[in-house]
Amino acid sequence: MTTLTAPFDLQKVREDFPLLTTPFHGKPLHYLDSAVSGQMPKPVVERMAHYAQFEHTNVHRGVSTLSQEATDRYEEAREKVRRFLNAGSLKEIIWTRGTTESLNLVAQAWGRVNVLGGDEILLSAMEHHANIVPWQLLAQEKGATIKVLPITDQGEILLDAIEELVTERTKVLGLTHVSNVLGTVNPVKDIIARAKAKNPNLVAVIDGAQAVPHLRPDVQDLGADFYAFSGHKLSGPTGIGALYGKQALLEAMPPWHGGGNMILSVAWEKTTFIGLPGKFEAGTPPIAAAIGLGAALDYMEALGWEKVQAYEHALLEYATERLSALPGLRIIGTAPGKASVISFVLEGVHPHDAGSILDHEGIVVRAGHHCAQPLMKRMNVPATTRASFAYFNTTDDVDALVDAVKKTLEIFHG
Ligand code: 7TS
């Protein structure tokens, strides 16, 4: 049994997550499912509760002091997102319900105007359905074609295929920053640069859902045109996320949802819209959730992104070493420099059965296709069992996972 020393006060961090010391099926709980949804630390929950009890009203409405203060808190959270992504302007940060909504916004508001019949949309073979289906809907409507950027058996994008697949008809490059199944951290900056060298007019739409729990994306350095993420993957609440978009692109896009809050004036003859970012934010937003996401960013910043990354990397290495030593276990996704996600298959055991046995042992993992069915097909597996590690996990969690996997193999193979 090994213990790793975290570069922060791990015990204190764990106290922020009461779930981690709550028995589950009568056993200690091991939460290894942060790729599904991160747990929220107490300061995030408390910040939202404080808002709900003492600060709540609607935002961007009227002159009441309470409303102005709620608006200030809500807009401060937007500024925290801007800083996190290193966007150049607050106008470039649109609140959404999450990654899925952000990507649909781009496909609909940008895509419907800019993608025409015969155009091409290039997506990597490791995309989540959230960065596939919105493009398929658009392609069907417009008569555009989807092309697929291939990956190796280890789970890395075949960079040499970029020049071959990008043509003068390519309008969109859709790419996940980190794969939710393989853990691969894609060289997004390089890929965008290579794709744009071939066709400078394409837009790069980056799915950051699985990157934001582990690293701080710099949208300007990456050269992303759009960058989408969800609050709940990075220790924030569900129901909130953001879309970064380059200002010039967002300015040129028509609104997507219509309603209150996004208009300058409404008449039967003609309606005019406010500028960015409000143009894309119709209706009452999830105010408490936005403030909670801001608190989550504060929490991560206080821990230190580099420290989080270093500790998660050490946990990943330890888990990879221990799991790889088990006969009958095969890891799916072995790219160097992975994020702390391990998908695996067990010989002769369906991942759903493995997931159920692990669940009874108090190990929370996800088993299934992880909303990446084309990737499952590419890797030649029906599904995988996936363990994902966060900064609050310990080697004890890894050891418990390994013991439970051993038990599963024994049940099936004696
Ligand atoms: N993109 C990636 C890469 C994801 O992993 C997910 C969620 C999404 C998009 C969608 O995010 P949402 O917040 O809009 O739902 N992924 C997972 C997962 O891997 N297991 O559960 C949800």
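The values are calculated or read from the model by the stated rules, or taken from the named source; none is laboratory data. Being a predicted model, the structure only gives us computed values, none of them experimental. Methodologically, a virtual Cβ is constructed for each residue, glycine included, from the backbone with ideal geometry; neighbour enumeration extends over all protein chains shown.
Scanning for something assigned to a loop (DSSP other than H, G, I, E, B) and under 22 Å from Leu105 (Cβ atoms), does the range 155-165 turn up at least one residue? Give the derivation first.
Filtering the range 155-165 down to residues assigned to a loop (DSSP other than H, G, I, E, B) leaves 155-156, 158-160.
The next check asks that each one be under 22 Å from Leu105 (Cβ atoms); those that pass are none.
Checked the range 155-165: no residue is assigned to a loop (DSSP other than H, G, I, E, B) and under 22 Å from Leu105 (Cβ atoms).
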Cβ pairs under 7 Å, 6+ apart or interchain, first in the range 1-30 and more than 17 Å from Ser235 (Cα to Cα), second among the charged types (D, E, K, R) and surrounded by 11 or more Cβ atoms within 10 Å (Cβ to Cβ), ordered by first then second residue, are Met1/Asp399; Pro7/Lys307; Lys27/Glu361
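In the range 19-43, what count of residues is obtained for those that are part of a strand (DSSP E or B), touching a helix residue (DSSP H, G or I) at 6+ places or on another chain (Cβ under 9 Å) and either under 22 Å from Tyr299 (Cβ atoms) or of a type in the set (A, V, I, L, M, F, W, C) (or both)? Please lay out each step first, then the result.
Filtering the range 19-43 down to residues part of a strand (DSSP E or B) leaves 24, 27, 30-31, 33.
From what is left, the residues that are touching a helix residue (DSSP H, G or I) at 6+ places or on another chain (Cβ under 9 Å) are 24, 27, 30-31.
Right, trim to either under 22 Å from Tyr299 (Cβ atoms) or of a type in the set (A, V, I, L, M, F, W, C) (or both) and you get 24, 30-31.
Qualifying residue count, the range 19-43: 3.
Out of Val364, Val349, report the one residue that is over 20 Å from Glu127 (Cα atoms), modelled with pLDDT of 95 or more and within 20 Å of the chain's Cα centre (by Cα).
Details: Val349 fails: within 20 Å of the chain's Cα centre (by Cα).
Exactly one residue qualifies, and that residue is Val364.
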| said: assigned by TED's automatic domain parsing to the domain that holds Val212 and of a type in the set (A, V, I, L, M, F, W, C): is that true of Phe54 in this structure? | reply: yes
Checked pairs for the range 356-375, first under 13 Å from Ser343 (Cα atoms), second away from the ligand (no atom under 11 Å from the Cβ) and not in a helix (DSSP H, G or I), C-beta under 6 Å and 6 or more apart or across chains, list as Val365/Leu32; Val365/Thr385; Val365/Ala387; Ala367/Thr385; Gly368/Ala383; His369/Ala383
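Name the residue, out of Gly304, Gly368, that is among the small types (Gly, Ala, Ser), surrounded by fewer than 21 Cβ atoms within 10 Å (Cβ to Cβ) and over 22 Å from Pro41 (Cα atoms).
Gly368
Name the single residue, out of those in the range 343-382 being of a type in the set (A, V, I, L, M) and within 13 Å of the ligand (Cβ to nearest atom), that is farthest from Val185 (Cα to Cα). Show your work before the answer.
As a first pass, look at the range 343-382 and keep what is of a type in the set (A, V, I, L, M): 345-346, 349, 354, 357-358, 363-365, 367, 372, 375-376, 379, 381.
This time we only want the ones that are within 13 Å of the ligand (Cβ to nearest atom), so: 364-365, 367, 372, 375-376.
Numbers: Val364: 23, Val365: 21, Ala367: 21, Ala372: 16, Leu375: 15, Met376: 18 Å.
Taking the candidates together, the pick is Val364.
Could you tell me whether any residue of the range 1-18 is surrounded by 13 or more Cβ atoms within 10 Å (Cβ to Cβ) and among the polar types (S, T, N, Q)?
From the range 1-18, those surrounded by 13 or more Cβ atoms within 10 Å (Cβ to Cβ) are 4, 6-8, 10, 13-17; that's our starting set.
If we keep only those that are among the polar types (S, T, N, Q) too, we end up with none.
Looking through the range 1-18, none of the residues is surrounded by 13 or more Cβ atoms within 10 Å (Cβ to Cβ) and among the polar types (S, T, N, Q).
Consider Val166 carefully, then state whether it is under 22 Å from Pro255 (Cα atoms) and more than 16 Å from the ligand (Cβ to nearest atom). Let's see the steps before the verdict.
Values: under 22 Å from Pro255 (Cα atoms): no; more than 16 Å from the ligand (Cβ to nearest atom): yes.
For Val166, the condition - under 22 Å from Pro255 (Cα atoms) and more than 16 Å from the ligand (Cβ to nearest atom) - is not met.
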Can you confirm whether the range 44-56 contains a residue that is part of a loop (DSSP other than H, G, I, E, B), within 27 Å of the chain's Cα centre (by Cα) and in contact (Cβ under 8 Å) with a residue 12 or more places away in the chain? no
Residue hits (the range 110-140; surrounded by fewer than 22 Cβ atoms within 10 Å (Cβ to Cβ) and of a type in the set (Gly, Ala, Ser)) are Gly117, Gly118, Ala125, Ala139
| field | Condition check for Glu312: among the acidic types (Asp, Glu), over 22 Å from Leu66 (Cβ atoms) and surrounded by fewer than 20 Cβ atoms within 10 Å (Cβ to Cβ) | value | no
Condition check: on the phi > 0 side of the Ramachandran plot, surrounded by fewer than 14 Cβ atoms within 10 Å (Cβ to Cβ) and more than 21 Å from the chain's Cα centre (by Cα). Does Gly275 satisfy that? no
Taking the range 89-112 and keeping only residues that are within 16 Å of the ligand (Cβ to nearest atom), among the aliphatic types (A, V, I, L, M) and assigned to a helix (DSSP H, G or I), one is left with Leu103, Leu105, Val106, Ala107
Might you check whether a residue that is closer than 22 Å to Gly278 by Cα, aliphatic (A, V, I, L, M), without any contact (Cβ under 8 Å) to a residue 40 or more places away in the chain and more than 16 Å from the ligand (Cβ to nearest atom) occurs anywhere in the range 222-237? no
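Looking at His177, is it closer than 29 Å to Gly258 by Cβ, within 16 Å of the ligand (Cβ to nearest atom) and crowded, with 16+ Cβ neighbours inside 10 Å? Show your work before the answer.
Details: closer than 29 Å to Gly258 by Cβ: no; within 16 Å of the ligand (Cβ to nearest atom): yes; crowded, with 16+ Cβ neighbours inside 10 Å: yes.
Here the answer is no, as His177 does not meet what is asked.
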Within the range 122-131, does at least one residue satisfy the condition of being over 20 Å from Gln210 (Cα atoms) and part of a loop (DSSP other than H, G, I, E, B)? no
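Given the condition within 16 Å of the ligand (Cβ to nearest atom), in the same structural domain as Gly239 (by TED's automatic domain parsing) and either in contact (Cβ under 8 Å) with a residue 40 or more places away in the chain or touching a His at 6+ places or on another chain (Cβ under 8 Å) (or both), answer yes or no: does some residue in the range 113-124 qualify? Give the steps one after another, and end with the answer.
Step one: list which residues in the range 113-124 are within 16 Å of the ligand (Cβ to nearest atom), which gives 123-124.
If we keep only those that are in the same structural domain as Gly239 (by TED's automatic domain parsing) as well, we get 123-124.
Then drop every residue that is not either in contact (Cβ under 8 Å) with a residue 40 or more places away in the chain or touching a His at 6+ places or on another chain (Cβ under 8 Å) (or both), which leaves 123-124.
Yes: the range 113-124 contains one or more residues that are within 16 Å of the ligand (Cβ to nearest atom), in the same structural domain as Gly239 (by TED's automatic domain parsing) and either in contact (Cβ under 8 Å) with a residue 40 or more places away in the chain or touching a His at 6+ places or on another chain (Cβ under 8 Å) (or both).
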- Go through the residues of the range 27-47 one by one and say whether even a single one is at pLDDT below 95 and over 29 Å from Tyr311 (Cβ atoms). no
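Which one is nearest to the chain's Cα centre (by Cα) among residues in the range 59-88 that are farther than 30 Å from Leu137 by Cβ and outside any helix (DSSP H, G or I)? Explain how you work it out, then say what you get.
Of the range 59-88, the ones farther than 30 Å from Leu137 by Cβ are 59-77, 79-80, 83, 86, 88.
This time we only want the ones that are outside any helix (DSSP H, G or I), so: 59-64, 86, 88.
Details: Val59: 27, His60: 28, Arg61: 31, Gly62: 35, Val63: 36, Ser64: 36, Asn86: 17, Gly88: 21 Å.
By that ranking, first place goes to Asn86.
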